[in-house]
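The values are calculated or read from the model by the stated rules, or taken from the named source; none is laboratory data. Model, not experiment: these values are computed from the prediction. As a convention, Cβ positions derive from the backbone with ideal geometry for all residues, glycine included, and neighbour counts pool all protein chains shown. Side chains are part of the model used for accessible areas, which takes the heavy atoms of the whole protein and leaves out ligands, DNA and RNA. Shrake-Rupley method; radii C 1.70, N 1.55, O 1.52, S 1.80 Å.
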Amino acid sequence: MKRTGWRARWAAIAAASLAAAAVCGPVAAAGAAAPAPGPEIKMIAAQNNITVPRYGRQVYLDPGIWVASLGSAFQLDLQRPDYSTPMTVTQVVDLPGGGTQQIPWPGSVIGKVPSALKDFVRMTVTNSAGKVVASSRMSFCPNSYDPERASPSSPATSPYPQECVGDPFPKSLVWGIARGWAADPAEQVFRPMRLALGHYTVTETIMPTYVHLLNVPAADASASVKLKVVKASSCCAVAARAANRPQSRPQSRPLRSNPAVPDLTSPPASALPDLVPLPSWGISAVHIKKTKTQPASDQLDFGATVWVGNAPLDVQGFRSHGSPSMKAYQYFWQNGHIIGRLRAGTMGFDSKKGHNHWHFEQFAQYQLLNSAQQPAVRSHKVGFCIAPTDPVDLLEPNAVWQPSYLGFGAQCGSTTALWVQEMMPVGWGDTYFQSVAGQSFNITGVPNGTYYIQVTANPLKVLHESDTGNDVSLRKVILGGKPGHRTARVPAVNGIDPEG
């Protein structure tokens, strides 16, 4: 499983000077035209002056300038019926009298892989003489891992997910900034800048495309901060990167079940999850050098996502009599309550480096098939700690925008655990990158040619699903090169995600 991490906060939130009146917006004078519906987007600087250390010649710069959505929420719905159809982008505006207005946006703002709004903000750094000494464009994910309230009158919570997407094959997404909340574009992108010691002005400006789409007044489209670059006290940039390194964010425990629920011989269809593997992605050929414990080899690394529709997947393991494994049970949910359970496979503890947690052992299987779609190489990876890492279809009925957990941080248990609950909410997927020998495909003796990476969800059918006809995905890969220098070319899927 891949984990999309949380970064530590850099900038302080805007102080009480962001008065409630700023959030509510100006009241239209009698007889004047009512303002256009929609959010009031405004760039807000959390502080006027910052001091940043320089490591070598590099400065890791987050000036603490926030994109705030005042007056109402800023929401975008992204969706497509299939992979042959371009993803549409629609702004959803809450109307004052109730209901919503749908405003289409050009699909070019997201590109073929919808990871963020492209070129949303330009950051410029000018010296004391007013000369631009550094400039960069930044994409912007409204679903910040660190959204913050912009004033005391803002709602207490934000309903939006805290990541946009990493997988190139989502079906539908929801991006947004809640009313009265804000997100910092610079803390999402850590690009070092080469700056000398001294004094500067940093300005972030919303690009013209978005100024037009969001009707942003010129005065609200940019904000500036005075910057002082000083010599770092430590020897290198490690300290700067450590401040931005993904960290675990404490979150609530997953929902616990009632142990007295009955065994169901025939769970209702509405309570059955639908496991669907997406096409493999992040594919590359790598050479592993010889070591004392293993010979040299050529490996095919890949990533794969299995997501859940229709109903949540809840698998729980229970230990008994000191057993090294757990008996696993699948629990079924309706209307927010568990209605029953059935035995479903086993859980085992994986003590290998990078894991050290409990895996459900029958979750997915991977094979490299030849051009006749017959097995050529099999991955030994079948067990997973099941957890949501990537949004895939957030506009599906029953989809959850904010899972109790993102990633495996606290729901996969320790070696001393008696019980483990691993859940996947509707609309989310679990991504795992196979980049370890034994998990990736060993292609040392595999001839060049056309192959397919096959991902099979629920391979032994121990989980109860609403549809088992979509449990397999294939991704075409063309192997080439010579031993020690193999290549992998991956054709696009309906124009999406060409690789190699």
On the basis of being in a loop (DSSP other than H, G, I, E, B), among the acidic types (Asp, Glu), open to solvent by 50 Å² or more (accessible area, probe 1.4 Å) and farther than 30 Å from Gly198 by Cβ, does Asp82 make the cut?
yes
Could you list, in sequence order, all residues of segment 462-500 that are hydroxyl-bearing (Ser, Thr, Tyr) and either in a strand (DSSP E or B) or within 21 Å of Ser284 (Cβ to Cβ) (or both)?
Ser473, Thr487
Let me spell it out: the conditions are (1) without any contact (Cβ under 8 Å) to a residue 60 or more places away in the chain; (2) open to solvent by less than 20 Å² (accessible area, probe 1.4 Å); (3) not charged (D, E, K, R), and Ser108 meets all of them except one. Which number is the exception?
(2)
Conditions: (1) open to solvent by 20 Å² or more (accessible area, probe 1.4 Å); (2) modelled with pLDDT under 95; (3) of a type outside the set (Ser, Thr, Tyr). Val132 meets all but one. Number of the miss?
(2)
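Inside segment 203-223, can you point out the residues that are open to solvent by 60 Å² or more (accessible area, probe 1.4 Å) and farther than 21 Å from Val93 by Cα?
Matches in segment 203-223: Ala218, Ala219.
Applying the selection to segment 105-134, what residues are over 27 Å from the mean Cα position of the chain (by Cα) and of a type outside the set (A, V, I, L, M, F, W, C)?
Applying the first criterion (over 27 Å from the mean Cα position of the chain (by Cα)) to segment 105-134 yields 124-134.
Passing the criteria: Thr124, Thr126, Asn127, Ser128, Gly130, Lys131.
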Can you tell which of Lys482, Lys461, Lys476 is without any contact (Cβ under 8 Å) to a residue 40 or more places away in the chain, touching a Phe, Trp or Tyr at 6+ places or on another chain (Cβ under 7 Å) and open to solvent by 60 Å² or more (accessible area, probe 1.4 Å)?
Lys476
So Gln294 passes all but one of these: (1) modelled with pLDDT of 90 or more; (2) over 25 Å from the mean Cα position of the chain (by Cα); (3) assigned to a loop (DSSP other than H, G, I, E, B). Which condition number does it fail?
(1)
Per the filter on segment 273-327, residues open to solvent by 40 Å² or more (accessible area, probe 1.4 Å) and under 21 Å from Thr346 (Cβ atoms) are Phe318, Arg319, Ser320, His321, Gly322, Pro324, Ser325, Lys327
Kindly check whether there is at least one residue in segment 330-337 that is of a type outside the set (Phe, Trp, Tyr), in contact (Cβ under 8 Å) with a residue 12 or more places away in the chain and surrounded by fewer than 20 Cβ atoms within 10 Å (Cβ to Cβ).
yes
From the option list Glu163, Glu148, single residue qualifying as acidic (Asp, Glu), more than 29 Å from Tyr432 (Cβ to Cβ) and in contact with a strand residue (DSSP E or B) (Cβ under 9 Å, 6 or more places away or on another chain) is Glu148
In segment 57-72, which residue that is out of contact with any Phe, Trp or Tyr (no Cβ under 8 Å at 6 or more places or on another chain) and in a loop (DSSP other than H, G, I, E, B) is farthest from Gly38 (Cα to Cα)?
Arg57
Give segment 384-421 a look and list any residue that's buried (at least 23 other Cβ atoms within 10 Å of the Cβ), more than 12 Å from the chain's Cα centre (by Cα) and at pLDDT 90 or above, or say none.
Leu394
Can you work out which of the residues in segment 135-155 that are in a strand (DSSP E or B), surrounded by fewer than 20 Cβ atoms within 10 Å (Cβ to Cβ) and not aliphatic (A, V, I, L, M) is farthest from the chain's Cα centre (by Cα)?
Ser135
Which residue pairs have Cβ atoms closer than 8 Å, lie 6 or more positions apart in sequence or on different chains, and pair a first residue in segment 485-500 that is touching a residue at least 60 places away in the same chain (Cβ under 8 Å) and on the phi > 0 side of the Ramachandran plot with a second residue that is among the charged types (D, E, K, R) and part of a strand (DSSP E or B)?
Gly500/Arg489
May I ask you to verify whether Ile339 is in a strand (DSSP E or B), modelled with pLDDT of 90 or more and within 21 Å of Gln434 (Cβ to Cβ)?
no
Go through segment 51-79 residue by residue and tally those that are closer than 16 Å to Lys226 by Cβ and open to solvent by less than 20 Å² (accessible area, probe 1.4 Å).
7
Could you count how many residues in segment 85-104 are assigned to a loop (DSSP other than H, G, I, E, B) and either closer than 23 Å to Asp393 by Cβ or within 20 Å of the chain's Cα centre (by Cα) (or both)?
3
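Which one is nearest to Pro168 (Cα to Cα) among residues in segment 111-123 that are in contact (Cβ under 8 Å) with a residue 40 or more places away in the chain and open to solvent by 30 Å² or more (accessible area, probe 1.4 Å)? Write out each step before concluding.
Taking segment 111-123 as the starting set, the residues that turn out to be in contact (Cβ under 8 Å) with a residue 40 or more places away in the chain are 112-117, 119-123.
Among the residues that remain, those that are also open to solvent by 30 Å² or more (accessible area, probe 1.4 Å) are: 112-113, 115, 119, 122.
On the way: Lys112: 8, Val113: 5, Ser115: 8, Asp119: 19, Arg122: 25 Å.
Applying the filter and picking the extreme gives Val113.
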Can you pull out every residue in segment 241-272 that is buried (at least 16 other Cβ atoms within 10 Å of the Cβ), modelled with pLDDT of 95 or more and either within 30 Å of Pro491 (Cβ to Cβ) or small (Gly, Ala, Ser) (or both)?
Ala271
Can you tell me which residue is farthest from Met87 (Cα to Cα) among those in segment 185-202 that are at pLDDT 95 or above and buried (at least 20 other Cβ atoms within 10 Å of the Cβ)?
Tyr200
